[in-house]
Amino acid sequence: AVEFLIGRGIGRMGGFAVGGHSYGAFMTAHLLAHTNYFNAGIARSGAYLRALTPFGFQAEERSFWESPETYHELSPFSHAPKIAKGRGKLLLLHGTNDENSGTYPMQSERLFDALKGHGAVCRLVLLPNEGHSYYARESVLHMLAEQENWLDKYVS
């Protein structure tokens, strides 16, 4: 899609961002790890270390112990060095009370630590008293302001 837009003169390298919530956040981190199309990413309430969901996820029915290589390969956490070396800068947002079994706040905290350890440009914003989705007016406005600032700073 990015190549199509560039080819049509609709966009240019350096002018794209990617973002998502929950599974979309997981995919955002993967796209930053495995492509160089995006200057910035915004990932909200995602799962980035699949070993923390050891009894399956999405269509994966095998456990971590049955297929550790799958869990490793499908974990953006495992690819933190690639994200750090790529063009994408990653904004992570997460509610502190996220009780979704696959997306506890620890998921964003661990990915943030891994990215910082590899020198990535990243930011972690924890939204107090919010769950998997954000409802408080202050939280929604905070999230929107963080996203706008991130995009203004890193997408030309």
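For a quick check: with amide H placed at 1.01 Å from N, whose amide H comes under 5 Å from GLU60's, ignoring anything fewer than 5 positions away on the same chain?
HN-HN under 5 Å from GLU60: empty list.
What distance in nm lies between label points placed 7 Å from Cα along the C-beta direction at SER133 and GLU66?
Those two pseudo-labels are separated by 3.2 nm.
With only Lys, Arg, Asp and Glu charged, each at its Cβ (+1 for the first two, -1 for the last two), find how big the charge dipole of the chain is about the Cα centre; round to the nearest 20 debye.
660 debye
Residue-wise, which Karplus ³J(HN,Hα) couplings in Hz belong to the stretch 14-22, taking 6.51 cos²θ - 1.76 cosθ + 1.60, θ = phi - 60°, and x for glycine or proline?
x, x, 10, 10, 9, x, x, 10, 6
Only one of the values (1) 10, 31, 23, 19, 13, 4, 0; (2) 10, 33, 31, 19, 6, 1; (3) 12, 39, 34, 14, 1 was calculated from this structure for P(r) over Cα pairs in 10 Å bins from 0, in percent; name its label.
Correct label, based on the coordinates given: (3).
How large are Rg and Dmax for the stretch 15-77 when calculated on the C-alpha trace, in angstrom?
Here Rg and the maximum Cα pair distance are 12.5, 41 Å.
Suppose all protein chains stay in the model; what accessible area per residue would a 1.4 Å probe give for the chain, in Å²?
Per-residue value: 53 Å².
Run through the DSSP bridge list for the stretch 12-115 and note the antiparallel percent, rounded to the nearest 5.
Around 10 percent antiparallel, to the nearest 5.
At what distance in nm do the modelled label points of ARG12 and LEU141 sit from each other, each positioned 7 Å from its Cα along Cα→Cβ?
3.6 nm
Quick one: with all protein chains in place, what share of the accessible area of the chain is carbon or sulfur, to the nearest percent (1.4 Å probe)?
Carbon and sulfur: 54 percent of the exposed surface of the chain.
The values are calculated or read from the model by the stated rules, or taken from the named source; none is laboratory data. None of these values were measured; they are calculated from a predicted model. Here the Cβ is made from the backbone with ideal geometry for all residues, glycine too, and neighbour counts use every protein chain on show. Side chains are part of the model used for accessible areas, which takes the heavy atoms of the whole protein and leaves out ligands, DNA and RNA. Shrake-Rupley method; radii C 1.70, N 1.55, O 1.52, S 1.80 Å.
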